[in-house]
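Colleague: Can you read through this structure? Questions will come right after.
The values are calculated or read from the model by the stated rules, or taken from the named source; none is laboratory data. As the structure is a prediction and not an experimental result, all values here were calculated from the model. Positions of Cβ are backbone-derived with ideal geometry, glycine not excepted, and every protein chain shown enters the neighbour counts. Just the protein is used for accessible areas: all its heavy atoms, side chains included, with ligands, DNA and RNA removed. Shrake-Rupley method; radii C 1.70, N 1.55, O 1.52, S 1.80 Å.
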Amino acid sequence: MKRVLILGFIAIAALSLLLGFEHDPSHAQSSVTEFSYQGQLRDGSGDPITDSCDFTFALFDSATAGNQVGNSDSQNGLSVANGLFSTSLDFGADAFAGQSRWLEIGVRCPAG
């Protein structure tokens, strides 16, 4: 069993496009809180993984010693093909209110 921990960085500017345009009053604030996340997963030797893996996604307010924002999102048996995976994440309506956020991803391959 391989375990991989990936720390990802979410750009709030890019997410604001998905969640609405607060700075432009001509656009209504969207109530959508779900967004797509795509990643690349490699094993310890740098080879791309092709397998079914268990993922846990958690959002934090700081890169180190931060507080978790929203609930963790666990997704079991997510397909990874040639190192690439894609999923939808939703940390709730209060997760992105203009502050920086950091994404922690825990992975177990193979799944189970």
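Colleague: For segment 43-72, what are the residues that are assigned to a strand (DSSP E or B), open to solvent by 30 Å² or more (accessible area, probe 1.4 Å) and closer than 15 Å to ARG108 by Cβ?
Modeller: Scanning segment 43-72 gives ASP51, SER52, THR56, SER72.
Colleague: Could you grab the pairs with beta carbons closer than 7 Å, sequence gap of 6+ or different chains, first residue in segment 55-66 and without any contact (Cβ under 8 Å) to a residue 40 or more places away in the chain, second one open to solvent by 20 Å² or more (accessible area, probe 1.4 Å)?
Modeller: Close Cβ pairs (under 7 Å, with a partner that is open to solvent by 20 Å² or more (accessible area, probe 1.4 Å)) amount to GLY66/PHE60; GLY66/TRP102.
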